[in-house]
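Peer 1: Just dropping this structure here.
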Amino acid sequence: MSQPRRLAADAAHEFGGIALDRSKPLSFRLDGRRIDGFAGDTVLSAVLAAGIDAYGRFGDTVLGLTDRLAPLAASKRGGPLPLDRHPASDGLDLATVGHRSFSFRRGTALGHVIDGIVELPWLRLKPETTLTADLLVVGGGVAGLAAADAAAKAGHSVVLVERRPWLGGDARYFGPVGDEASPETVSTDLIARLGVPGTTVLTHAELFALHGATAHVHRIVDGRGMVVAVSADRILLATGSVQRLPVFAGNRLPGVTSAISAYHLAKRYGVIPGRSAIVATQSNYGYRLAMRLHDAGVDIRRIVDPRVNPQSRFVDFAKASGLKLAGGQLPLAAGPARRHGLAASFANTGTALSALDLEAEALIVSGPFQPDLTLWMLAGGGTHWSGGKLLARGGIERIALAGSAAGYRSMSACIASGRSAVAELFGRPREPVEDSEIGAPYETPEAETTIAPVVAGAPAFLDAGASLLVRPAPGARPMLTRHAQAPSLGDVAASVELGLTLPTDAGAVAEERGAPGGDLAASDWKPAPGTLSTSLPWLAGRFGDDPQTVRLVVDSTRVFARGALVYANTSPADPLLATGVIESEGAPGGTALISRAGLAGTDRFIVETLDGPSPARIAPN
Amino acid sequence: MPQCGIMAEFEIAIVGTSLLSGLLAGVLARDHGGKVVRIGRPLSAQRLPRSLNLALPLATRPEGWRLLRQAEADTRTLLGSIGVPDSVGATEAELVADLPDTAAALDHLAHMAVGFRHQVRRIDGGWAFRHVAVLDADPVERRLREWLLAAGAASIDEGSVDARLTVLADDDAIFDAVAASDRPAVLVPQSMTSTLLVSRPSSAPVRRYPDRGVTLLARPGNTMLAIVGGEHEIDARLASTLPGPFPMKRLATTRYRRFSTSDGAPLIGPLGPHFVITGLGDTAPFLAPAIARLIAGTAAEEDKRWFAAHDPAADRSAIADISPAIEAAP
C-alpha cells in the first residue's frame, strides 16, 4: 500500500520525520490490510501515512482517526495496545478492538461503529515489576526533563515516565522566545543529562493510577504491554497542556486535525493530514506551522484567524511567503467536499453567515492550550477557572506541578519551574520563576477558543478526546452529567465558554469527574443486627398521651399488617382521623395501639388494609 | 450575610443555591407582594445532584403527609405558571429496610402513603411506591432567573443586602451563617457523597436504603447516581446496594455536608436573627409554596400548626419521625 500522506525525506524544517529511519522500510497488517512504513513509525503514524484517517461512524457522523481518538489494536501474541504508543514493526499482524462495519470499511476508514469507548484493559492488571525512586517525574517535556536533571544532580534517584515515544514535549511546536536557545538544543541537552546512574527513563509509558506514593504505569516494551508500579517519595507532575478544539459543526470529521498533532506528525514521522490544508488558528503559532507545512510542500489554501489584523513576526513571514490570510473570521462548519476532502465555511466574527467557503484535504485547527491537570485531580488536587483556563488550586503533600501543567507558558519558565518544584519537594527554597513573553505590541495575544454560532450540519464536539461530548442544541439539557465517559478538561472549558457551566462551578465540575475514585468492589455489607425497640419514636404522641395496646380480632382468618391504620367504625378513611395503628400482626387480626379517646364507648373499629377496609373488634379478655 | 436593618432595602432575603430557595423567593415576590431578593448562585446542571427532589418523605406522621400532598399540587400549579409543567414527572421508588425498627417504620410509612392515595406494594425487605412525583431541577433552574425577574424578585449571586428577614433556605447557607455553637442540638451535620457509577439498572428507578445511608437513582446510559450519607465504610455500604457488575467504574464523585435532624423531623422557623429551613430531605422544593405562605403570614391554620410544631424552639417530642442511624460529621 502506498503512503500518500508521507512527505519526502528531505522535506523542509525536518518535516521528513526525525524519528524515521528511511533505510529500514517495514510493513505490517492491520485488520487484514497491508500498511507500509519505516522503522521509527508508530502504528498510528504509519496508518495515517497510508491515508487512513477515519476511525468510524458515531451516530450520524464520521469521526476522524487522531492521536486523541483511536482504537486499540491487538496482535495474536499480545493484549490490546494504543496505536499512538505502539511502535510499528515488520510483520506485525494487528486487529483493531471494537465493532466494525464491513459495509463502511473503505480505503480511508477503519470502519468502526463507535457506540462507546472500550475501557482500557490494563486498568486492573497487577504490576509485573516495581521501581523505586526518590522522585517520580511524570512527563518528559522540558519541565520534566529539567526537574529530573535537578533531582539527579542533588543526588536523588529518579524515574521519569513519558507517554509519547519521544522526549521534549511540545516545546518544539512553539519555538524559542526572543534570544532563547532553540527547543531542539535545549531538549537534546537535557535528555543527554539523564544518562546518569540512578535515573530511569520510561517512554511509551502512561501513568493511569495513583495510590498514595505508588503510581501504576502502562508501558510498551518490545511490542508488549506491561504494568509497572513506581514507588516514589515525591511526585512531580509535568504533564504539559492539551490543545483545545474550536467548537464548530463538523469539528471531528476525518481531515480535521489539531495544529499540535499536525506538527508532531510531520516533525516526527513526515506525515501530513492532507496535500492541501486550511489552517484555522487563533494564535500566532498557527502561522508558524502553516509556513513550515507550506515550505514542506503542503498547499496551504488559507490561514484563517478570528483576530482582526493580528501582529506577529509569524504573520509577517506568512504574508511574505505569499500565503493567503483571512482575519476576523472563524470556522462555521465543515463537511465532506463534493468530490474529495473537506468543504469548510467561515463566518465573519460575530455573524452566523458564511463569508468564505474553501475546500482542502485537511482543516488544521488551533485552540488555546489547557493545562493537563488530569493526574493532579486524580491525586486529589483542586482546580479553578481563571483567565479562560482551568488552573490548579491548592496543594498536595509530596506532589508538585511544573511546566505548562502549572500554567507556565515560555520554555525558560517551564524549565525553571521544573527545577524550582524539585527544590520545594525536597525541602529547599523554591526559586522564583519568571514567565516572559514577547509583548502585545509585537505579538498579538492568542484569542479565546473559537465558538461558532449554531448551524445545521454535523455535530460540534466540545473537545477532541474520547468523551465525545457534543454541543447541545439550544435550550437542551447540558450533557456533562449524562455521559458515561468522564468529560475532559477541554470539555469543561468549552462548556464554560458556551455558557452551560458557570465559571465558578468549572473547577468543581472538573474535580467531580477528574477524581471519581477507584473501582467499587462487590460488598455484602449489612448493618449490625438489632431488635425491635419497645418505644418507637414516630409513634410518640401520635395517638394521644396515653394510648392503649389492644388485641383486635376479625371473624375471618385475615391478618392485619403492621402499620395499617385503625379508624372508628363511623369515620372516613382519612389518616388524620385515624384512631390507632396496627403495631404487630396477629393470627387472625393484630395488636393495635389506639388512643384513649378512640376506645371510649366502642370496641368496634375499621382497619384499613391494603386490600380494603376490614371490620375488627377488641378481643375479649 | 444579609443584615437586619431599620431602613431595610428588602423585606426578605432568601439565601441559598437550592431550587427551594429560588422558588421560595419567586412565590414570595409574586404572590405575597414582598420585596424579595434571592442571594445564591445556583449550581450548574453539570454538577452532580445532591438531592432527588422526590415527593416521598421518609416520614410516618399524617400531618406532614397532608402538608406535602397539598404542597405537591401547589407546586405543580406553580411550575405550570413558570412555564415548565413537564418538569414534574412520576417515578417508582423502593424503600428497603435492614433493621427491625426501620422495617416497622416503613410498614407504617407505606400504610400512610396508601391513606394519601399512593399505590404501594410489598417487596423483599421493604416497599415499592408507584407514581411518586419527581421534580427535574434542570428545566426549572434554566427558567428561574427570568421568572424571578418577572415575579419582581431581585437575584444576586453573592453579596450583602439589608433585609428585615433573612431566610436560610438550604444547608450551605446555614453552615455559613449559623455558628455551630448557635445551632440547636437536634441539628446534626452529616458528610455526604454523591457518586455516578456505571451500573446495571436496579429494580426501580429510585431505591433507598435508610439503614445503609444509601439512595440510588437510575440515570441514562447505564449509569446510577448514588447519594451516600456518613464517612465510614462508604464504599462497602454503597456496593452492597448495587446490582453490579463489579468491579464497578466510578465516573464522578463529590463530597459535601448537609444537616440531618436527630429526630428525623424537619426544622423550620426562626433561629436567632434568621429563619432556617432544613431537614426536608428530597421533598424540599415541593414545599416552597407552603413555606412562602408561612413567611407571608397567610398559611392555613393546620399548616401553621405543623410549622409551629417544627419550629426550632418547639417541644419536638411529638414530631419525631424515622431517623436512621447517622454519623455526625466532625
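The values are calculated or read from the model by the stated rules, or taken from the named source; none is laboratory data. Predicted model, so just to flag it, every value in this text is computed and none were measured. Here the Cβ positions follow ideal geometry from the backbone for every residue, glycine too, while neighbour counts run over all protein chains shown. For the accessible areas, the whole protein counts, side chains as well, though only heavy atoms, and no ligand, DNA or RNA atoms are used. Shrake-Rupley method; radii C 1.70, N 1.55, O 1.52, S 1.80 Å.
Peer 1: Can you give the convex hull volume per residue for the Cα atoms of the stretch A:496-592, as a whole number of Å³? Write down the numbers at each step before the final one.
Peer 2: Values: hull volume 27.6 nm³, N = 97.
Value for the stretch A:496-592: 285 Å³ per residue.
Peer 1: On to the next question. So what is the relative contact order for the stretch B:187-260, in percent, with contacts set as C-alpha pairs under 8 Å and at least six apart?
Peer 2: Details: 144 pairs, mean separation 35.5, N = 74.
Relative contact order comes out at 48 percent.
Peer 1: In the stretch B:187-260, carbon and sulfur make up what percent of the accessible area (probe 1.4 Å)?
Peer 2: Working: 1230 of 2460 Å².
Accessible surface attributable to carbon and sulfur in the stretch B:187-260 totals 50 percent.
Peer 1: Using a 1.4 Å probe and counting only protein heavy atoms, how much accessible surface gets buried when B and A come together, both sides summed, in Å² to the nearest 100?
Peer 2: On the way: alone 14660 and 27800 Å², together 37330 Å².
Answer for the B-A pair: about 5100 Å² buried.
Peer 1: Okay, moving on. Tabulate in residue order the Karplus-calculated ³J(HN,Hα) for the stretch A:594-605, using 6.51 cos²θ - 1.76 cosθ + 1.60 with θ = phi - 60°, rounded to whole Hz; enter x for Gly and Pro.
Peer 2: With the stated coefficients, the stretch A:594-605 comes to 10, 5, 4, 5, x, 7, 5, x, 8, 10, 10, 9 Hz.
Peer 1: So, one more: Do you know which residues of the stretch A:489-525 lose at least 30 square angstrom of accessible area in the protein assembly compared with their chain on its own, with a 1.4 angstrom probe?
Peer 2: Residues passing the criterion (a loss of at least 30 Å², heavy atoms only) are A:502, A:504, A:505, A:512, A:513, A:516, A:519, A:520, A:522, A:523, A:525.
Peer 1: Read phi for every residue in the stretch A:282-289 and hand back ³J(HN,Hα) as whole Hz from Karplus 6.51 cos²θ - 1.76 cosθ + 1.60, θ = phi - 60°, with x for Gly and Pro.
Peer 2: Per-residue couplings from phi come out as 10, 9, 6, 5, x, 5, 4, 5 Hz.
Peer 1: While we're looking at this one, here's another question. Computed over the Cα atoms, what is the radius of gyration of chain B divided by 2.2 N^0.38 Å, N being its residue count?
Peer 2: Working: Rg = 19.1 Å, N = 330, 2.2 N^0.38 = 19.9 Å.
In units of the 2.2 N^0.38 Å rule of thumb, it is 0.96.
Peer 1: Calculated FRET efficiency, residue A:14 and residue B:117, Cβ-Cβ r, R0 56 Å, to nearest 0.05?
Peer 2: Using R0 = 56 Å, I get an efficiency of 0.10.
Peer 1: While we're here: Quick one: if the Förster radius is 22 Å, what FRET efficiency do residue A:351 and residue B:146 give, using the C-beta to C-beta distance and rounding to 0.05?
Peer 2: On the way: r = 26 Å, r/R0 = 1.19.
So the FRET efficiency works out to roughly 0.25.
Peer 1: Binning every alpha carbon pair distance of the stretch B:58-110 at 10 Å from zero, what are the percents per bin?
Peer 2: That works out to 21, 35, 29, 13, 1, in percent per bin.
Peer 1: To the nearest 0.05, how large is the calculated FRET efficiency for residue A:213 and residue A:522 if R₀ is 35 Å and r is the Cβ-Cβ distance?
Peer 2: Working: r = 27 Å, r/R0 = 0.78.
In this case the efficiency is close to 0.80.
Peer 1: Kindly identify residues of the stretch B:215-230 having a loss of at least 10 Å² in accessible area between the isolated chain and the assembly of all protein chains, probe radius 1.4 Å.
Peer 2: Listed by number, the residues meeting the 10 Å² cut-off are B:219, B:220, B:221, B:223.
Peer 1: Give me the number: length gained by fully extending residue A:128 to residue A:557, i.e. 0.36 nm times residue separation minus the C-alpha to C-alpha distance, one decimal in nm. Intermediate results must be reported in sequence, preceding the final value.
Peer 2: Details: separation 429, 0.36 × 429 = 154.44 nm, distance 6.78 nm.
In short, 147.7 nm is gained.
Peer 1: Let me ask you something else. Counting other C-beta atoms within 10 Å, and keeping those with at most 15, which DSSP coil GluC sites (Glu not before Pro) do you find in the stretch B:95-182? Show your work: numbers first, answer last.
Peer 2: Numbers: sites: B:141, B:146, B:158; in loops: B:158.
Of the GluC sites (Glu not before Pro), the ones in loops of the stretch B:95-182 whose Cβ has at most 15 other Cβ atoms within 10 Å are B:158.
Peer 1: Can you work out the PRE-style zone for residue B:315? Point 7 Å along Cα to Cβ, and I want the residues of the stretch A:520-557 with backbone N under 16 Å.
Peer 2: A:540-547
Peer 1: Label residue A:29 and residue A:308 with points 7 Å out from Cα along Cα→Cβ: what is the distance between them in nm?
Peer 2: The modelled label-to-label distance comes out at 6.0 nm.
Peer 1: In addition: Give me the accessible area per residue for the protein assembly as shown, probe 1.4 Å, as a whole number in Å². Kindly include the intermediate steps, with their values, before the conclusion.
Peer 2: Numbers: 37330 Å² over 951 residues.
I get 39 Å² per residue for the protein assembly as shown.
Peer 1: Hey, another quick one. Please give the helix B:100-115 orientation as an angle from the longest Cα principal axis of chain B, in degrees from 0 to 90, rounded to the nearest 10.
Peer 2: 60 degrees
Peer 1: Nearest 10 degrees is fine. How inclined is helix A:183-193 to the longest principal axis of chain A, computing both from alpha carbons?
Peer 2: Around 70 degrees separate the two axes.
Peer 1: In debye, nearest 20, what is the charge dipole magnitude of chain A about its Cα centre with +1 on Lys and Arg Cβ and -1 on Asp and Glu Cβ, if you could check? Present the calculation step by step, with values, prior to reporting the outcome.
Peer 2: Values: 59 positive and 60 negative charges, 268 e Å.
Around 1280 debye, computed over chain A.
Peer 1: Looking at chain B, send over the antiparallel percent of its DSSP beta bridges, to the nearest 5.
Peer 2: Antiparallel bridges make up about 70 percent of those DSSP assigns within chain B.
Peer 1: Considering only protein heavy atoms, with the full assembly of protein chains and a 1.4 angstrom probe, order A:267, A:319 by accessible area, largest first. Working shown, then result.
Peer 2: Values: A:267 10, A:319 110 Å².
Of A:267, A:319, the descending order of accessible area is A:319, A:267.
Peer 1: Among DSSP bridges having both ends in chain A, what percentage is antiparallel? Round to the nearest 5. Could you put the intermediate results ahead of the total?
Peer 2: On the way: 80 of 125 bridges.
About 65 percent, rounded to the nearest 5.
Peer 1: Residue by residue through the stretch A:459-469, what is 3J(HN,Hα) from phi via Karplus (6.51 cos²θ - 1.76 cosθ + 1.60, θ = phi - 60°)? Round to whole Hz and write x for glycine and proline.
Peer 2: x, 9, 7, 7, 8, 9, x, 7, 6, 6, 7
Peer 1: Given the peptides B:20-27, A:3-10, arrange them by the average over their residues of other C-beta atoms within 10 Å, most packed first. Provide the component values of the computation, followed by the final result.
Peer 2: Values: B:20-27: 28.0, A:3-10: 17.9.
With the highest mean Cβ count within 10 Å placed first, the list reads B:20-27, A:3-10.
Peer 1: When the Kirkwood hydrodynamic radius is evaluated over all pairs of different C-alpha atoms of the protein assembly as shown, what value in angstrom, to one decimal, is obtained? Present the calculation step by step, with values, prior to reporting the outcome.
Peer 2: Working: mean 1/r = 0.0320 Å⁻¹.
Hydrodynamic radius (Kirkwood, Cα only) of the protein assembly as shown equals 31.3 Å.
Peer 1: Moving to a separate point now. Eigenvalues of the Cα gyration tensor times 5, then square-rooted: what semi-axes does that give for the stretch B:187-260, in whole angstrom, largest first?
Peer 2: Details: eigenvalues 85, 29, 26 Å².
Output for the stretch B:187-260: semi-axes of 21, 12, 11 Å.
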